[in-house]
Amino acid sequence: MAYDGGMTDMSFTVPPDLKSWIDAQVAQGRYADAGEYLRDLVRRDLETADQDTLWLRGLIADGLASGTIDKAPNVVIEEIIAERRARRG
């Protein structure tokens, strides 16, 4: 998701322990204020969601590219189990 540069005000409450954590992050000098910290968290969350989406799309593409088989699913599962048992000896 691209950030368009516009801003919207939000107001919400957090429990004291979360407020203390946010204040500590700001006090360390990593962020100018609580809003900057929260914006950074949301951006990182979006990046993670985008990566997860790409990963899932990749798995789907791999599955589609692998083709199909004419066997029933239970037959395929039974064959896999038999192969594993044979490898174990």
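A few remarks follow.
- Entry comment: accessible area of the chain is 90 Å² per residue, from protein heavy atoms only and a probe of 1.4 Å.
- Helix 16-27 vs. the chain, principal-axis angle (Cα, 0 to 90°, nearest 10): 80
- Val75 contributes an accessible area of around 60 Å² to the protein surface, as traced by a 1.4 Å probe with all chains present.
- The dipole here belongs to the chain: it is taken about the Cα centre, uses +1 on the Cβ of Lys and Arg and -1 on the Cβ of Asp and Glu, and is about 560 debye.
- Accessible surface of the chain [probe 1.4 Å, protein heavy atoms]: carbon and sulfur percent: 58
- When the charge dipole of the chain is built from unit charges on Cβ atoms (+1 for Lys and Arg, -1 for Asp and Glu) and taken about the Cα centre, the candidate among Phe12, Gln51, Tyr31 whose Cα reaches farthest toward its positive end is Gln51.
- With loop membership from DSSP and a limit of 16 other Cβ atoms within 10 Å, the longest segment of the chain without trypsin sites (Lys or Arg not before Pro) is 31-70.
The values are calculated or read from the model by the stated rules, or taken from the named source; none is laboratory data. Just so it is clear, the structure is predicted and the values come from calculations on it, not from any experiment. Note that each Cβ is placed from the backbone with ideal geometry, even for glycine, and that neighbours are counted across all protein chains shown. For the accessible areas, the whole protein counts, side chains as well, though only heavy atoms, and no ligand, DNA or RNA atoms are used. Shrake-Rupley method; radii C 1.70, N 1.55, O 1.52, S 1.80 Å.
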